[in-house]
């Protein structure tokens, strides 16, 4: 299927027909995969899909620790008032 690239402000975009959007269940976002000279648009059906499983695996592997403390030793909360 051939489609035109259109100007959107300072950028350019791709317009998808209502038929394509409905057929592939595309809502607000797609995943864009750049692979071997091709651009693949893949519908995102459920944001954060499988995150719960990944978090459980991280916890089981003891890999869910903070990379740095929430509060630094020299943190000055007065400056935020």
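Annotations
- Within the range 32-45, the set of residues being in contact with a strand residue (DSSP E or B) (Cβ under 9 Å, 6 or more places away or on another chain) and either under 17 Å from residue 2 (Cα atoms) or exposed (fewer than 10 other Cβ atoms within 10 Å of the Cβ) (or both) comprises 32, 34, 39, 40, 41.
- Considering residues of the range 16-31 that are assigned to a loop (DSSP other than H, G, I, E, B) and within 20 Å of the chain's Cα centre (by Cα) only, the residue surrounded by the fewest Cβ atoms within 10 Å (Cβ to Cβ): 28
- Test: residue 7 is loosely packed, with under 10 Cβ neighbours inside 10 Å, modelled with pLDDT of 90 or more and either in contact with a helix residue (DSSP H, G or I) (Cβ under 6 Å, 6 or more places away or on another chain) or not in a loop (DSSP other than H, G, I, E, B) (or both): yes
- Residue 52 vs. criteria over 19 Å from the mean Cα position of the chain (by Cα) and either in a loop (DSSP other than H, G, I, E, B) or exposed (fewer than 10 other Cβ atoms within 10 Å of the Cβ) (or both): no
- Cβ-Cβ under 6 Å pairs, at least 6 apart or on other chains, the range 56-76 side surrounded by 10 or more Cβ atoms within 10 Å (Cβ to Cβ), far side at pLDDT below 90: 58/64
The values are calculated or read from the model by the stated rules, or taken from the named source; none is laboratory data. In this text, all values refer to a predicted model and were calculated from it rather than measured experimentally. Note that we place each Cβ from the backbone using ideal geometry, even for glycine, and neighbour counts take in every protein chain shown.
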